[in-house]
Amino acid sequence: MLMGMAYFHPGSRSARIYFVTTGIVPNVRGKVAEVHAKPNTPIKKGEVLLKIDPTPYKAVADDLKAQLDFARQRLKDSRLLMESAGGSKFGVMQWEKEVASLKAKLDKAEFDLQSCTILAPSDGFVTHVRVRPGQMAVPIPALPVMTFVNTDSIALIAGFGQEPVKNIYP
């Protein structure tokens, strides 16, 4: 009777559940302002895990916006001067280059500013939170600030004898 049960209802003592984990590493360096993630609490994709103080990154973005506004005005003025034969084509080209350069720098500054808020990459939960408010977070891949467990890809691995394997289906 027990042999029949083992054949039709296989069991294993060596079963394990495996999850894919992701080390959460910030894109920017800064002081941790808030830690929203609680260990082993379910989190949905896009929820805030932690926030880094955005003050220095906001200051850089604001400075670049002011420089870009000034450069655009100078470009406009240079074009007007060139049309009235009081300016040169070189002056216009120089300010066009300056505007393009400042746009690229502003894009980078805004990316850094947005990177101050770290979001959950998928559904899952956080384990091993390594930072607290006031500590420094640094973008070093070998030193993640927390470990995120992805629950969208779970693997159950177990060992079974040869005979009951015929009755195991995914």
*How large is the helix-only mean residue ellipticity at 222 nm for the chain, computed as the sum of -39500 (n - 2.57) over DSSP H runs with n ≥ 4, divided by its residue count, in deg cm²/dmol to the nearest 500?*
-12500 deg cm²/dmol
*asked:* Viscosity 1.002 mPa s, temperature 20 °C: give me the Stokes-Einstein translational D for the chain in µm²/s, with Rh taken as the Kirkwood radius over C-alpha pairs.
replied: 103 µm²/s
*Note down the relative contact order for the chain as a percent, whole number, built from C-alpha pairs under 8 angstrom at least six residues apart.*
45 percent
*Could you tell me the accessible area of PHE70 in Å² (1.4 Å probe, neighbours in place), rounded to the nearest ten?*
120 Å²
*asked:* If you count only protein heavy atoms with a 1.4 Å probe, what accessible area per residue comes out for the range 69-169, rounded to a whole Å²?
replied: 65 Å²
*Once the whole set of protein chains is in place, how much accessible area is left on PHE125, using a 1.4 Å probe, in Å² to the nearest 10?*
50 Å²
*Take the chain, connect every pair of alpha-carbon atoms lying under 10 Å apart with a spring to form a Gaussian network, then pick out the residue of PRO54, PRO42, PRO26 with the largest mean-square fluctuation.*
PRO42
*Do any of LYS31/LYS105; LYS51/LYS105; LYS38/LYS103; LYS38/LYS105; LYS44/LYS103; LYS31/LYS76 go past 32 Å between their Cα atoms, and which?*
LYS38/LYS103; LYS38/LYS105; LYS44/LYS103; LYS31/LYS76
*Please report, as a whole percent, how much of the solvent-accessible surface of the chain comes from carbon and sulfur atoms (probe radius 1.4 Å).*
60 percent
_Contact order normalised by residue count of the range 28-112, Cα under 8 Å, 6+ apart, percent_ = 29 percent
*Order of exposure, largest accessible area first, which applies to LEU113, LEU143 with probe 1.4 Å*: LEU143, LEU113
*Tail fraction, Cα-Cα pairs, the range 63-132, threshold 14 Å, whole percent*: 69 percent
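The values are calculated or read from the model by the stated rules, or taken from the named source; none is laboratory data. What you are looking at is a predicted structure, and each value in this text was computed from that prediction instead of being measured. Accessible surface is based on the protein model in full, side chains and every heavy atom, while ligands, DNA and RNA are left aside. Shrake-Rupley method; radii C 1.70, N 1.55, O 1.52, S 1.80 Å.
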